[in-house]
Amino acid sequence: MSNTVIDKKAVKEIGLEFFKLRHEKGLFIYQVAKRTDIPEKIIEGIELGRYVKYGKIRRLAEFYGKKARIMLE
């Protein structure tokens, strides 16, 4: 079991942002999956705020022309 603590609200916000970006570009999840080589279920999980793995978040951010940063408080 991991001892990583992740703010659930932040995870939901990240997911919503990716959902918005995908819809702004008029893309379906399967299209993003094919172009990023990230499985559809992972992308869906990220967008729903259920899945966080920095490597996947970074890859999606790059796909959308964004940068992913980690903030520590």
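Bear in mind that the values in this text are calculations on the coordinates, not laboratory data. Just so we're clear, the structure is a prediction, and the values are computed from it rather than from any experiment. Please note: Cβ atoms are built from the backbone with ideal geometry, for glycine as well, and neighbour counts cover all protein chains shown.
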Residue (of F19, Q31, G45) at the positive-pole extreme of the chain, dipole from beta-carbon charges: Q31
What does the charge dipole of the chain about its Cα centre add up to, to the nearest 20 debye, if the Cβ of each Lys and Arg holds +1 and the Cβ of each Asp and Glu holds -1? 120 debye
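Rounded to the nearest 500 deg cm²/dmol, what is the calculated helix-only ellipticity per residue at 222 nm for the chain, with -39500 (n - 2.57) per DSSP H run of length n ≥ 4?
-17500 deg cm²/dmol
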To test your reading of the geometry: what angle, between 0 and 90 degrees and rounded to tens, separates the Cα axis of helix 54-63 from the longest principal axis of the chain? 30 degrees
Candidates [x] 2.85; [y] 0.99; [z] 1.07; which is the computed Cα Rg over 2.2 N^0.38 Å? [z]
